[in-house]
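Student: To start, I am sharing the structure in question, which I have written as structure tokens.
The values are calculated or read from the model by the stated rules, or taken from the named source; none is laboratory data. Quantities reported herein were computed from a predicted structural model and do not represent experimental measurements. Here the Cβ positions follow ideal geometry from the backbone for every residue, glycine too, while neighbour counts run over all protein chains shown. SASA here: full protein model, heavy atoms, side chains in, ligands and nucleic acids out. Shrake-Rupley method; radii C 1.70, N 1.55, O 1.52, S 1.80 Å.
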Amino acid sequence: MFAGIYSFAQEAGKAGELLKNEASKTEMQSARTQGFDNKNSNKNNSGFRNQNNQNNGFRTPNYQWNQNYGYAEVFLRIPELGYFTVELGDQAISNGSGKYRFFDLQSGRMPISIYDNGFLIYKTTLMLRNNNRLVLDFFTNEGLYLLDSYPVKSQSYGFNDWNDVWNDPYGNQSGNWNQSGNAMDDRTFSQFFEMLQDNEKFDDGKIRMINQQMRNSMFSSRQIRDLVKSLSFDKNKLALAKSMYRNCADKNKYFLVYDAFDFDSSKRELMEFITKS
């Protein structure tokens with residue numbers, strides 16, 4: 001399902017799973033302006049807090065320390081001009097930058113609503129898993145697209161280069177976590193490669209097993225070279241090398257994969273693919 005994400009994620013409606021808009025016509029026709037401020041007593045709204053203080057003399061805050069209800073993240077991008085508000089569970093972010101990053105989310109079903117200048121335009125439900133990040137794109141004329149789900153290696157905040165993080169959250173760009181980009185460690189890869197060789201004798205079976213592992217793992221260029229080289233036919237090698245490029249943790253070393261091919265024509269085609277990616 002996510003085979004074409006890397007190539008087409010920038011074009012509206014060409015990547016990801018479309019999530020159904022559950023907002024009714026009535027909800028979409030009424031602007032919401034005060035609801036965000038008054039939803040919780042800990043919101044930064046001095047007028048609302050002063051009113052409580054005048055009525056009660058003082059208020060006793062309900063502190064919650066070290067609340068443990070799971071951890072998930074959601075990255076949402078709206079690549080359109082405008083001022084949008086995204087409400088996800090008990091969190092809300094409003095800005096005109098088109099970048100909405102939610103951390104410390106509870107796992108399970110989570111409602112998400114999107115507002116354009118105070119008017120509800122989209123509402124649906126996400127399924128969040130512990131230690132996973134959902135990555136989504138929203139287009140007002142298309143809808144909300146779930147691009148992919150990535151395991152969260154560490155709870156790190158404040159990425160410097162949003163676009164590099166977007167489709168490859170543990171990539172090889174400068175400023176990321178480490179030189180290997182959180183690729184599969186050598187010991188785990190050796191186990192995986194040995195199992196691949198023992199259990200699958202033909203290209204089709206190997207590719208299926210590799211595709212399954214790619215849903216949860218990043219690989220180094222060297223590891224990808226070994227996996228590609230394990231296939232018998234150049235056409236299969238080329239297809240696998242292209243599909244694994246988005247899961248490469250050190251793309252600056254992807255030239256190592258060229259060594260897996262028997263024919264120069266396959267190497268040239270892979271080079272052209274990488275140049276256009």
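Student: Evaluate the following for Asn130: is it over 21 Å from Pro79 (Cα atoms), at pLDDT below 90 and either part of a helix (DSSP H, G or I) or open to solvent by 50 Å² or more (accessible area, probe 1.4 Å) (or both)? Give the derivation first.
Tutor: Details: over 21 Å from Pro79 (Cα atoms): yes; at pLDDT below 90: yes; either part of a helix (DSSP H, G or I) or open to solvent by 50 Å² or more (accessible area, probe 1.4 Å) (or both): yes.
Yes.
Student: While we're looking at this one, here's another question. Scan the stretch 215-225 and give yes if some residue there is open to solvent by 20 Å² or more (accessible area, probe 1.4 Å), under 21 Å from Lys251 (Cβ atoms) and at pLDDT 90 or above, otherwise no.
Tutor: Yes; the residues of the stretch 215-225 include at least one that is open to solvent by 20 Å² or more (accessible area, probe 1.4 Å), under 21 Å from Lys251 (Cβ atoms) and at pLDDT 90 or above.
Student: Assess whether Gln213 counts as being part of a helix (DSSP H, G or I), of a type outside the set (Phe, Trp, Tyr) and under 23 Å from Val152 (Cα atoms). Spell out the reasoning first.
Tutor: On the way: part of a helix (DSSP H, G or I): yes; of a type outside the set (Phe, Trp, Tyr): yes; under 23 Å from Val152 (Cα atoms): yes.
The answer is yes for Gln213.
Student: Here's a check for you: in the stretch 230-277, which residue that is open to solvent by less than 80 Å² (accessible area, probe 1.4 Å), hydroxyl-bearing (Ser, Thr, Tyr) and in a helix (DSSP H, G or I) is farthest from Tyr150 (Cα to Cα)?
Tutor: Among those that are open to solvent by less than 80 Å² (accessible area, probe 1.4 Å), hydroxyl-bearing (Ser, Thr, Tyr) and in a helix (DSSP H, G or I), it is Ser265.
Student: Quick test for you: out of Val165, Val74, Val152, pick the one residue that is modelled with pLDDT of 90 or more and surrounded by 14 or more Cβ atoms within 10 Å (Cβ to Cβ). Step through it out loud before you land on a result.
Tutor: Details: Val165 fails: modelled with pLDDT of 90 or more; Val152 fails: modelled with pLDDT of 90 or more.
Answer to the check: Val74.
Student: Anything in the stretch 80-116 that is open to solvent by 20 Å² or more (accessible area, probe 1.4 Å), in contact with a strand residue (DSSP E or B) (Cβ under 8 Å, 6 or more places away or on another chain) and of a type in the set (S, T, N, Q)? List them, or say none.
Tutor: Across the stretch 80-116, the qualifying residues are Gln91, Ser94, Asn95, Gln106, Ser107.
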